[in-house]
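Input: a single structure, listed below in structure tokens.
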Amino acid sequence: MRSTADIVIIGAGLHGASLAYHLAKAGAGSVVVLEKKHVAAGPTAKSGAMIRPLFSDAIYIRLVLEATAMFEQWDDVIGGDAGFVQNSFLRFTESFDQPTLGADLDLMTRLGAPFELIAPADLPGLASSCVFSGSESGVLLTKGGFADAIKTTESLVAAAKRLGVRFIEDAEVTGIDVANGKVQAVVTASGRIATGLVVNCAGA
């Protein structure tokens, strides 16, 4: 096991793989990713991988818009197949107000997230298998869709490896050495990696 790294990431799920790729792309230094099982073994494997900027916070809307742009040209930007299907995303709602919808349509408009408001009479044409009471409306996110979370992670890992990132599987982290309030190393059952920066992407 490599004994030093500029950055150690704990967890080789979607977040860890994406962070490793972007750090390497930015030239942040040597990056090592430690995974206690195998790539995408944790929450990533259980993800529904919905892609839609339907939120009330600007940061999440911006993240989804940028991610959507990446997914639309995934093979050119990252390489490989993310299993991306852009078939839109439809949310049923009895009100367009923020607490009921769970999203801020005015903020989405300002940030450039495309959507269409669907009248109750038009919903059966978009969701013919559903039974509506007549009180529901819809928000159609025309660029929404879903991806394959495992394929997405695996292609990010491959891209990060091409940039020099090292992924170590079957390497459970057992501790983080700290001295004088600063990280000194990450400890695993297989050895110790000296580093000054650790990012925990291990999930809940």
For the range 1-22, which residues satisfy the criterion of being in a helix (DSSP H, G or I), touching a residue at least 40 places away in the same chain (Cβ under 8 Å) and surrounded by fewer than 22 Cβ atoms within 10 Å (Cβ to Cβ)? HIS15, SER18, LEU19
Does the range 36-55 contain any residue that is surrounded by 15 or more Cβ atoms within 10 Å (Cβ to Cβ), in contact (Cβ under 8 Å) with a residue 60 or more places away in the chain and among the aromatic types (Phe, Trp, Tyr)? no
Given (1) more than 20 Å from THR4 (Cβ to Cβ); (2) assigned to a helix (DSSP H, G or I); (3) within 22 Å of the chain's Cα centre (by Cα), number of the condition LYS143 does not satisfy: (2)
Only residues that are closer than 22 Å to ASP122 by Cβ and aliphatic (A, V, I, L, M): list them for the range 51-98, please. LEU54, LEU90
Regarding GLY80, is this residue more than 27 Å from LEU140 (Cβ to Cβ) and free of Cβ contacts under 8 Å to residues at least 12 places away in the same chain? no
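From the list SER155, SER137, which residue is outside the structural domain of VAL64 (by TED's automatic domain parsing), in contact (Cβ under 8 Å) with a residue 40 or more places away in the chain, in contact with a helix residue (DSSP H, G or I) (Cβ under 9 Å, 6 or more places away or on another chain) and surrounded by 13 or more Cβ atoms within 10 Å (Cβ to Cβ)?
Being outside the structural domain of VAL64 (by TED's automatic domain parsing), in contact (Cβ under 8 Å) with a residue 40 or more places away in the chain, in contact with a helix residue (DSSP H, G or I) (Cβ under 9 Å, 6 or more places away or on another chain) and surrounded by 13 or more Cβ atoms within 10 Å (Cβ to Cβ) holds for just one of SER155, SER137, which is SER155.
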Of all residues in the range 109-143, count the ones that are among the polar types (S, T, N, Q) and either closer than 30 Å to ILE59 by Cβ or in contact with a Leu (Cβ under 7 Å, 6 or more places away or on another chain) (or both). 3
Per-region count, the range 72-113, residues of a type outside the set (A, V, I, L, M, F, W, C) and surrounded by 14 or more Cβ atoms within 10 Å (Cβ to Cβ): 8
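So which residues in the range 106-129 are aliphatic (A, V, I, L, M) and not in a helix (DSSP H, G or I)? So that I can check it myself, show each step before the final result.
Here is the first cut: in the range 106-129, the ones aliphatic (A, V, I, L, M) are 107-108, 111, 113, 117-119, 121, 123, 126-127.
If the condition is that a residue be aliphatic (A, V, I, L, M) and not in a helix (DSSP H, G or I), then LEU111, ALA113, LEU117, ILE118, ALA119, ALA127 are the ones that fit.
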Quick count over the range 55-104, residues being assigned to a helix (DSSP H, G or I) and either at positive phi or among the acidic types (Asp, Glu) (or both), is 4
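Just to verify a result, which residue in the range 166-180, among those that are assigned to a loop (DSSP other than H, G, I, E, B) and of a type outside the set (Asp, Glu), is surrounded by the fewest Cβ atoms within 10 Å (Cβ to Cβ)?
Of all residues in the range 166-180, those assigned to a loop (DSSP other than H, G, I, E, B) come to 169-172, 180.
Still in the list and also of a type outside the set (Asp, Glu): 171, 180.
Values: ALA171: 22, ASN180: 5.
By that ranking, first place goes to ASN180.
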Residue list for the range 141-173, restricted to those being more than 22 Å from GLU35 (Cα to Cα), in contact with a Lys or Arg (Cβ under 8 Å, 6 or more places away or on another chain) and aliphatic (A, V, I, L, M): LEU141
Among all residue pairs at least 6 apart or on different chains, which show Cβ distances below 9 Å where the first residue, located in the range 88-109, is touching a residue at least 24 places away in the same chain (Cβ under 8 Å) and the second is buried (at least 16 other Cβ atoms within 10 Å of the Cβ) and among the basic types (Lys, Arg)? SER88/ARG52; SER88/LYS143; PHE89/ARG52; PHE89/LYS143; ARG91/ARG52; LEU101/ARG91; GLY102/ARG91; ALA103/ARG91
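The values are calculated or read from the model by the stated rules, or taken from the named source; none is laboratory data. Because the structure is a prediction, the values reported are computed rather than measured. Positions of Cβ are generated from backbone atoms using ideal geometry, with glycine treated the same way; all protein chains shown enter the neighbour counts.
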